1. Any residue in the range 36-54 that is in a loop (DSSP other than H, G, I, E, B), within 20 Å of residue 154 (Cα to Cα), among the small types (Gly, Ala, Ser) and at pLDDT 90 or above?
2. Give me a count of the residues in the range 84-114 that are of a type in the set (A, V, I, L, M, F, W, C) and either more than 25 Å from residue 74 (Cα to Cα) or in contact with a Gly (Cβ under 8 Å, 6 or more places away or on another chain) (or both).
3. Report whether or not residue 110 is under 17 Å from residue 9 (Cβ atoms), modelled with pLDDT of 95 or more and not polar (S, T, N, Q).
4. Hey, does the range 105-114 have a residue that's more than 23 Å from residue 21 (Cα to Cα), surrounded by 18 or more Cβ atoms within 10 Å (Cβ to Cβ) and more than 19 Å from the chain's Cα centre (by Cα)?
5. Please give the helices (runs of 4 or more DSSP H) falling wholly within the range 73-178 in which 2 or more residues are in contact with a helix residue (DSSP H, G or I) (Cβ under 6 Å, 6 or more places away or on another chain) and touching a residue at least 60 places away in the same chain (Cβ under 8 Å).
6. Among the numbered criteria (1) more than 21 Å from residue 8 (Cα to Cα); (2) surrounded by fewer than 12 Cβ atoms within 10 Å (Cβ to Cβ); (3) at pLDDT 90 or above; (4) not polar (S, T, N, Q), which single criterion is violated by residue 123?
7. Do you know which residues across the range 20-41 are in contact (Cβ under 8 Å) with a residue 12 or more places away in the chain and under 18 Å from residue 53 (Cβ atoms)?
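The values are calculated or read from the model by the stated rules, or taken from the named source; none is laboratory data. Keep in mind that this is a model prediction, so the values were computed, not measured. Neighbour counts are summed over all protein chains in view; Cβ atoms, including those assigned to glycine, are modelled from backbone coordinates with ideal geometry.
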Amino acid sequence: MAFTHPIAAVVLAAPFYRRELPARVWLWGALLTALPDLDFIGYRLGVPYAHLWGHRGLTHSLVFAVAVAALSALGMRRDWRFGRLWLFFFLCTASHGLLDGMTDGGLGVAYFSPFDDGRYFLPFRPIPVAPLNPARIFSEWGWSVLKAELLWLWVPALTATVAILAARWPAVRSGSGR
């Protein structure tokens with residue numbers, strides 16, 4: 001899902017969009033959708049997959065999303081109201097675990113870490129797990145993942161974005177953004 005996580009920021013930006021907001025807010029939101037996968041560093045250093053710091057562990061939790069959103073909103077609060085920035089950044093960061101929970105592989109996502117070390121999947125799991133090895137992204141396996149992501153994530157995401165922006169078009173065009 002390396003290419004798919006940022007699509008969540010596009011959808012999430014639609015209801016929050018304001019013409020006066022600088023591009024850095026939207027770009028930061030897109031980066032936050034991928035941030036939880038920095039846990040791959042632990043994987044490379046030998047941290048066990050099921051460990052708190054393992055893949056899809058603490059960095060994929062709601063607690064992590066809350067903290068990252070708060071720090072991000074504090075850093076950009078001059079651009080917009082803190083609460084709205086926090087909500088946008090929280091949704092961007094938390095979307096990563098939500099999308100990972102829709103895959104069919106791995107140990108699940110530690111949504112409630114560090115309070116619960118359980119790993120969970122969503123009941124609806126139509127997406128094959130993406131290869132961790134970058135060389136395999138362009139393999140038959142990687143292609144099957146991309147096709148599933150296009151069908152189950154990209155098409156609905158872009159449809160939702162167009163619908164939201166169309167519904168908000170008069171406000172967006174006038175600059176009120178309400």
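1. Of the residues in the range 36-54, the ones in a loop (DSSP other than H, G, I, E, B) are 45-54.
Filter again for within 20 Å of residue 154 (Cα to Cα), leaving none.
No, that holds for no residue.
2. Taking the range 84-114 as the starting set, the residues that turn out to be of a type in the set (A, V, I, L, M, F, W, C) are 85-92, 94, 98-99, 102, 107, 109-110, 112.
Right, trim to either more than 25 Å from residue 74 (Cα to Cα) or in contact with a Gly (Cβ under 8 Å, 6 or more places away or on another chain) (or both) and you get 88-89, 92, 99, 102, 107, 109-110, 112.
Number of matching residues: 9.
3. Numbers: under 17 Å from residue 9 (Cβ atoms): no; modelled with pLDDT of 95 or more: yes; not polar (S, T, N, Q): yes.
No: the conditions fail for residue 110.
4. no
5. On the way: elements: 82-100, 140-149, 155-174.
Passing ranges, in order: 82-100, 155-174.
6. (1)
7. 34, 35, 36, 37, 38, 39, 40
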